[in-house]
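> Questions regarding the structure given below will be posed in turn.
The values are calculated or read from the model by the stated rules, or taken from the named source; none is laboratory data. Note that the structure is predicted; figures quoted are calculated from it, not measured. All accessible areas refer to the heavy atoms of the entire protein, side chains included, with ligands and DNA or RNA removed. Shrake-Rupley method; radii C 1.70, N 1.55, O 1.52, S 1.80 Å.
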Amino acid sequence: MLRPDAVDFTKDERVIIHGLVSENGRAHNLQPARVVAPRASDDGRVGVRLLHGARATLAVRPAHLLRAAC
């Protein structure tokens, strides 16, 4: 079975953020985003840019990203 943190994402892939538990992070749960940096940091986080609202760029663990269906 593939571990969620071992999933490779590609630049421009659409994803959905989920499972963030911090006070600030919860606001981003279920938000669509686009991958801008498949490996944004040494700890394996993925750089994503939100598609709506402030269009902020975040570094998110792969386990907190789902591939969008379309």
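> Quick one: ranking GLU13, GLU23 by accessible area, 1.4 Å probe, largest first, what do you get?
GLU23, GLU13
> Calculate how large, on average over all directions, the projected area of the Cα convex hull of the chain is; give the answer in nm² to one decimal.
For the Cα atoms of the chain, the hull's average projected area reads 4.7 nm².
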